[in-house]
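What follows is a single structure, written as structure tokens, with notes after it.
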């Protein structure tokens, strides 16, 4: 380190609108604010996050045909410089040959995409020479570990597990069992997720750390003050039960819709689901709502980089997940002073909300309905108490833990 400053490279598959991507961008921003240098390597330059890209980050991308050119131009117009790393098809083939011999058990459908990602990261490592390489999400994790191996382990790799291995696609779960144990450290976002990583992926206990995600409460509260155009969030309207999440079996929106239909018999309210949902998926949820007589009380909002303005105006935030790592959406809602009703999903909700109300069982619509109805009737902590609970998972504590880990690995 020069003058105590770290140089950390972060790797993401893309800038899609997920919690792992948002948390990684926040960690990079936090390091920059502390005077360190942060690079960001985007393997497939596409996504939704624009405003969340740290202003002073050094951004790298692979020069690949599936780059989202419109997204690239929008990022560049914001003043963020982007360095393109060329891709040599002959080198990609060589990477595939080496890795195929070294790790024959790593079999993924898009092998060439993985090998191209490893090639891009190798070019980045030679050019930027970071002290630590940090990855998030299984495809980027695999590429980071393999790139470090091809670079003779010249840079330590930190893999961040933002979800439990049960959420990994089967091909990436198999690859992770081979590659995660080779990382210098695995950071899990909750104690339950850490135990799952040790048990499911065979990572030695001394290499697994638990560090909560970066959630800058001050920034969240500031963004929460922005206006909302949706009429359901206006003053005088019935309270909104807000769900924020992507289209995935993990999020179990059907159980939430069913529970809302039951709760609606006891309390006047509306349900809004915010996130990327396909037209067929929305139609299925609408059909389910119709069967419970609440079709007119179910609405959708497309992905928004600033969901906090909706959270602040919601009657409550509902999470119906079947499993989680540590759901940042709960912390974000608490930072906004908004009560939360969540299933007792492994892992994370109980770690945050234990002692703060009921945690209905996963998939139990009647139990979830009772919790929704009780909260809508006013059975909730005060906004001040909720914000105080969010402060227990402060950005400062998490950033301190990450910096300590990075400094230890950089010295080694």
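The values are calculated or read from the model by the stated rules, or taken from the named source; none is laboratory data. The structure presented is a predicted model; accordingly, all values stated were derived computationally and were not measured. Cβ sites come from the backbone with ideal geometry, for glycine too, and all protein chains shown count toward neighbours.
Quick look at the numbers
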item: All positions within the range 302-322 that are assigned to a strand (DSSP E or B) and under 20 Å from residue 236 (Cα atoms); result: 316, 317
item: Any hit, the range 140-148, residues being at pLDDT 95 or above, surrounded by fewer than 21 Cβ atoms within 10 Å (Cβ to Cβ) and within 27 Å of residue 197 (Cα to Cα); result: no
item: Selected residue [in the same structural domain as residue 61 (by TED's automatic domain parsing) and either free of Cβ contacts under 8 Å to residues at least 24 places away in the same chain or farther than 29 Å from residue 327 by Cα (or both)] from 143, 136, 151; result: 151
item: Count - residues of the range 163-178 that are crowded, with 24+ Cβ neighbours inside 10 Å and either in the same structural domain as residue 346 (by TED's automatic domain parsing) or touching a residue at least 40 places away in the same chain (Cβ under 8 Å) (or both); result: 3
item: Condition broken by residue 182, with the remaining ones in (1) surrounded by fewer than 18 Cβ atoms within 10 Å (Cβ to Cβ); (2) touching a helix residue (DSSP H, G or I) at 6+ places or on another chain (Cβ under 7 Å); (3) within 17 Å of residue 111 (Cα to Cα) satisfied; result: (3)
item: Some residue of the range 205-212 being touching a residue at least 12 places away in the same chain (Cβ under 8 Å) and over 21 Å from the mean Cα position of the chain (by Cα); result: yes
item: Qualifying residue in the range 97-107 (condition: part of a helix (DSSP H, G or I), buried (at least 24 other Cβ atoms within 10 Å of the Cβ) and out of contact with any strand residue (DSSP E or B) (no Cβ under 6 Å at 6 or more places or on another chain)); result: no
item: Considering residues of the range 137-159 that are more than 19 Å from residue 407 (Cα to Cα) and outside any helix (DSSP H, G or I) only, the residue nearest to the chain's Cα centre (by Cα); result: 137
item: So residue 111, is it surrounded by fewer than 19 Cβ atoms within 10 Å (Cβ to Cβ), within 24 Å of residue 177 (Cα to Cα), touching a residue at least 12 places away in the same chain (Cβ under 8 Å) and within 25 Å of the chain's Cα centre (by Cα); result: yes
